[in-house]
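Asker: Pasting a structure below so you can have a look.
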Amino acid sequence: MIRKLLFLIFMIMAFLTAGCVKETYNMNKLSNKAHISPTMAISAIKGDISLSDIVKSGDTVVFDQNKSVKIVFKKDSVFNLTLADFISSKNMVEFKDIDYPKGSSGQMVATIKPDFIDFGIEDFLSHITGTFSITDPSIKINYSNSFTDSIVLKLNVTGKRKDKTVNLNWDPFTFLHPAALSDPAVTAFFKIDKINSNLPELLSLPPEKLDYSGTATMSVSGYLPVIGTLTGSIEVEVPLEFRLNNLQFTDTLDNFLKVDENSKDGSLKPENFKFLRVEVTAKNGFPLGASLKMSLYNSITHTITNTVDAAGILEPALVDSTGKVTWVTETSTRIEFTKEFFSSINKADKIIFHFTLNTTGNGSKDVKIYSDYRIAFNAALVVKPDITLK
């Protein structure tokens, strides 16, 4: 209905603004057939927005004191181990020859049950192709340990996306622990990052989810371990420092432009327009460039009937050696909807949208996203109806 009203507005504007476009008509001299085809420019929309206007800082998206943007995922109770988790029939066999409390030494192993973190982006990732590289992610594991014996954690983490997997390949870690039974539990954390693991490669899949499991090995010397607990939570932190090379997002929608030929208000048809052009100017403060294609698709014949291509609708801003924007880029683009496009609308039941993103330098440079990055844009419609009155 909105689309048909827009067409009707265009036709009314053709009559009301005929004088403004330097074309005059003597209505008294109209024959049985008349042809009107003025060209009109209509201011459509303008805006000036920053990232912080669109996305607010919160639990998942965080702006730090320097205005850099991070995405954070948290999960509590990644592990919660007690003495009972270390003591099993197998462990007791290993310790059967030890004379406590005089003692010797040995090891007991607790299992961290397999679990996962689901990022909830499987559907989104199914539409994406291209190269995506995250520069400096990290995983922080916060823990509290009241055992006085040394415990070593071996954590197995795998990122999965469809049939692709990347292993974390992180070396075992030894927890800090109290020196004596009378000391309080030790609260600390350890960090997994690009220095000690394959974390950037893992998150650059990007993964639909992270699967994890592991073991905690306690080394006991002299006495059986006293009752204690070892608890931990996980925090995945992804600063928006990355590079994109032809990252494409494709989605297919029902053809919302299609005219219902049986509708009573369908007398104004798409072919009544010689062309419709959208003129876009933008001052882009983001280090991201974008292109757009919109294709009319017939799912029965499996053919594309027409395509509108807005290549380079946004050029990325320039950055310095650290990846921060230093210069805003201005772009002017014309998006043409021709008469042939309008004539093809009713031959298609689907519309395929292709969005292509590149960071500055076509993905050759790491860029950083800050909350005060802005984009200012102005879009206008230029329309030329092609109306024949009978």
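Asker: Using the beta-carbon distance between I45 and K365 and R0 = 25 Å, what value does 1/(1 + (r/R0)^6) give for FRET efficiency, to the nearest 0.05? Let's see the in-between values first.
Answerer: Working: r = 31 Å, r/R0 = 1.25.
After rounding to 0.05, the efficiency reads 0.20.
Asker: Taking 0.36 nm per residue of separation and subtracting the Cα-Cα distance, what length does fully extending V152 through I352 add? Don't skip to the end; give the middle numbers.
Answerer: Working: separation 200, 0.36 × 200 = 72.00 nm, distance 5.23 nm.
Extra length available between V152 and I352 comes to 66.8 nm.
Asker: In addition: Based on alpha-carbon positions alone, could you give the equivalent ellipsoid semi-axes of segment 69-239 from the gyration tensor, as √(5λ), descending, whole Å? Write down the numbers at each step before the final one.
Answerer: Values: eigenvalues 265, 52, 31 Å².
Calculated on Cα positions only, the semi-axes equal 36, 16, 12 Å.
Asker: Could you tell me the center-to-center distance, by alpha carbons, between segment 119-175 and segment 337-390 in angstrom?
Answerer: Answer, in whole Å: 37.
Asker: So if each residue of separation counts as 0.36 nm, and I subtract the Cα-Cα distance between T250 and I128, what length gain in nm does that give? Mind showing how you got there, number by number?
Answerer: On the way: separation 122, 0.36 × 122 = 43.92 nm, distance 0.66 nm.
Extending this stretch completely gives an extra 43.3 nm.
Quick note: the coordinates plus some simple rules give every number you see, no bench work behind them. Here the structure is a predicted model, which means the values were calculated and not measured. Reconstructed Cβ throughout: ideal geometry from the backbone, glycine too, with neighbour counts over all protein chains shown.
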